[in-house]
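Structure, as structure tokens:
Each reported figure results from applying straightforward, stated rules to the coordinates on display, with no laboratory input. Please read all numbers here as calculations on a predicted model, not as lab measurements. Every residue, glycine as well, gets a Cβ built from its backbone with ideal geometry; the counts of neighbours run over all protein chains shown.
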Amino acid sequence: MIISNELMDELLVKAATSERRRINLDLRNSEQDTSQRMLNALMPDTVVPMHRHTATAETIVLLKGRVTEILFNDEFVEIQRIDLDKEQGNVGLQIPTGIWHTIIAHEPSVIIEMKDGAYAPLTSSDVKPIR
């Protein structure tokens, strides 16, 4: 698979019509893959709940657009904002295991997300409900 501008534009069109205002494309070769890799197309009005991954770090690389990743401590107090913007030279980050985080898209954006281990849905204790 080639990750092209055309592919990313197609994903953004799908994200724009999605109820969640985002869509992902699984990049694994099969469900038995022992890593998680996906493209995530995000519209500016999508809401990604604050969440954490207790068994793996998460790597995010910006492919298109501009986003801000917000990190929180265990009391849900913001500890850091990281702007990913190719023009500023920040294109990716590593989120440590167990850190609460969310992402804000400032314009239609595409990121690639990578995590260790086979896919397992987040549990309710790993997602902070949206009020």
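What the table below lists for this structure:
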{"item": "Dipole of the chain [Lys/Arg +1, Asp/Glu -1 at C-beta], most positive-end residue of Asn40, Gly65, Val127", "result": "Val127"}
{"item": "Label-zone membership for the stretch 111-131, site Glu31, 7 angstrom Cα→C-beta point, backbone N under 19 Å", "result": "117-123"}
{"item": "Karplus 3J(HN,Hα) series, Hz, for the stretch 88-95 with 6.51 cos²θ - 1.76 cosθ + 1.60 (x for Gly, Pro)", "result": "8, x, 9, 10, x, 7, 10, 9"}
{"item": "Computed helical MRE - 222 nm, the chain, DSSP H runs ≥ 4 contributing -39500 (n - 2.57), nearest 500", "result": "-3000 deg cm²/dmol"}
{"item": "Efficiency of FRET from Cβ geometry, Ile3 and Thr68, R₀ 35 Å, rounded to 0.05", "result": "0.95"}
{"item": "Column: log10 I(q)/I(0), Debye, Cα scatterers of the chain, q = 0.11, 0.15 Å⁻¹", "result": "-0.38, -0.72"}
{"item": "The stretch 90-117 residues near the modelled Asp126 label - backbone nitrogen below 15 Å, point 7 Å along Cα→Cβ", "result": "95-102, 114-117"}
{"item": "Sequence-distant residues sharing a close amide H with Thr56 (under 5 Å, placed H)", "result": "Gly98"}
{"item": "Percent RCO, i.e. relative contact order, over the chain, from Cα pairs under 8 Å lying at least 6 residues apart", "result": "33 percent"}
{"item": "Compactness of the stretch 24-76 - radius of gyration and Dmax, Cα, Å", "result": "13.3, 38"}
